[in-house]
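See below for the structure under consideration.
The values are calculated or read from the model by the stated rules, or taken from the named source; none is laboratory data. The shown structure was predicted, so the numbers you read here are calculated from the model rather than taken from an experiment. Positions of Cβ are backbone-derived with ideal geometry, glycine not excepted, and every protein chain shown enters the neighbour counts. Quick note on the areas: whole protein, heavy atoms, side chains included, nothing else; ligands and nucleic acids left out. Shrake-Rupley method; radii C 1.70, N 1.55, O 1.52, S 1.80 Å.
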Amino acid sequence: MTGPSGAPAGARVFGAIDIGASGGRVMAGVLTAGRPELHTVHRFGNRAVRTPDGLRWDWSRLVAEVEQGLGSLAEAYPQTESIGIDTWAIDYGLLDAEDRLLADPMSYRDDRGPRAVPELDARIDRQQQYAINGLQHLPFTTGYQLAAERSGPLWPRAARIVLLPDLLAHHLTGVLRTEATNASTTGLVDVHTGDWSAEMLAALDIPAGMLPPIDQPGEVRGRLRPELAERWGFDAVVTTVGSHDTASAVVGVPASSRNVAYASSGTWSLVGVELDEPVLTEASRDANFTNERGVDGRIRYLRNVGGLWLLQECLRAWDAEADQAALLAAAAEVAPGGPLIDVDDEEFIAPDGMPERIAAALRRTGAPVPQDRAGLVRCILDSLAAAYANTASRAAELAGRRIEAIHLVGGGSQNELLCRLVAQASGLPVIAGPVEATALGNVLVQARAHGAAPTTLEELRRRLATSQELRRYCP
């Protein structure tokens, strides 16, 4: 969606910093007569780096990429009035008493979280945790990571725990806060109040003051620090958005009805429905569904489902990224009814050796192992489609919601085979797109906060439905 420099007269421009676990971009959201268009000004890769003490994110490189992108944004769109930030969830940085980052943030794919599960569960069992935070059990959530962190060498010097989008906002503005949608993914927020849970913090022996106060999407976090504004020649503010990328993606679901499920399909997949209140039943906990906060206090009732990470890792192992289109075409010719894997298996969380791990998982269940790469790709996509369909159906059942369609947004919406397979597996129409739902949701929440977009989510989504190219796949 790279576009020309500048914007039409009368247009309003909002910048979106959108970083996922496998790549990021800085985009200009140009609203002309209320119609949003995205223009990419900078794109970059992202990958955790293996260090002597575990998997870490190269934070200084990410910051440098963001700064390069903002410089390009300022040059092309000097009228940009606000910047919003979204990233993946759960991970954090530790700051010392002088607000200096102690080390590159650890990646949730490091094995320290799973190793700490017994320690935290012994302090407060999972049933109690669910009653407090309403989150599905994932062995790498912030709570488990912090249980491991407390015995690490950095903890005695740590004064603040800052989630990644807020860490970046702090770099840009000097203001330390925590945005609500991302806070809700940590396991440390009370699902009833939306504030930090004293009970969860006590279980981890973490002083409440280590976590910056929570604010809501649509609030101005602060102006760019003077030295940055001077360097780039523009004086934008940073406005909070759904800083968990899925929260922004759900804003960007162009649904005309709430009787739909969504699947935000990227490195991870998040599949569920949007509700007004959490579902905290024992059946919900048994089904491992989560109640995360969305924009406007909505509840993102969903499950994390394995994502395109499995395919990405296979391609990396084969060194065949350039052949992805050919592999997908070949996979489409593979006969249906092939073997399936559990895409949520913890065995698939870590990087490296993915084809071999998938083959081993199939052998354990007695399923046939595909003999070529196209067969393995088809196995991954069939398995993802089945997981999407089952998760959407179960979410609707547990929430008492009837669903009429599945909206598939994000990178996976470009995968025609995946979209067709989801429609077949679910028996429901699949509406694919927009690809950049996250960036659109980011931009629209900013625009609304600054009086440039409709006030309700329903109105925002109706506008998206008429301004974006969508594709429909029937069962």
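Step by step: find N for the chain, compute 2.2 N^0.38 Å, then divide the Cα radius of gyration by it. What's the final number?
Against the compact-globule rule of thumb, the ratio is 0.93.
Give, as a single signed number, the net charge of other residues whose beta carbon lies under 11 Å from the beta carbon of Ile214, with Lys and Arg counted +1 and Asp and Glu -1.
-4
Which percent, nearest 5, of DSSP beta bridges in the chain are antiparallel?
Taking every DSSP beta bridge within the chain, about 75 percent pair in antiparallel fashion.
Zone of Gln79 (label point 7 Å along Cα→Cβ, backbone N under 12 Å): which residues in the stretch 443-468?
Output list for this probe position: empty.
Along the charge dipole of the chain, Cβ charges K/R +1 and D/E -1, which of Pro429, Leu211, Ile380 sits furthest on the positive end?
Pro429
For His42, which sequence-distant residues (separation of 5 or more, or a different chain) have an amide H within less than 5 Å of its own amide H, given hydrogens modelled in the peptide plane?
Result for His42 returns Val26.
If you take the charge dipole of the chain about its Cα centre, with +1 on Lys and Arg Cβ and -1 on Asp and Glu Cβ, which of Leu315, Thr456, Ser269 is farthest toward its positive end?
Ranked along the dipole, the leading option is Thr456.
Averaging over every viewing direction, what projected area does the convex hull of the Cα atoms of the stretch 255-433 cover, in nm²?
10.4
Count charges around Ser72 for me, please; just the other residues with Cβ under 12 Å from its Cβ, Lys/Arg as +1, Asp/Glu as -1.
Its environment carries a net charge of -1.
What whole-number value in Å² describes the accessible area per residue of the chain for a 1.4 Å probe?
That works out to 38 Å² for each residue.
Once you list every other residue whose beta carbon is under 15 Å from the beta carbon of Asp96, what net charge do they have if Lys and Arg are +1 and Asp and Glu are -1?
Local charge sum for Asp96: -1.
Computing the accessible area with a 1.4 Å probe over protein heavy atoms, can you report the carbon and sulfur percentage for the chain?
It is 49 percent, rounded to a whole number.
Can you tell me how much longer the chain between Ala159 and Arg316 gets when fully stretched, taken as 0.36 nm per residue apart minus their C-alpha distance, in nm with one decimal?
Difference between extended and current length: 52.7 nm.
Any chance you could list the semi-axes, whole Å, largest first, of the equivalent ellipsoid that the Cα gyration tensor gives for the stretch 72-183, using √(5λ)?
After diagonalising the Cα gyration tensor, the semi-axes are 30, 17, 12 Å.
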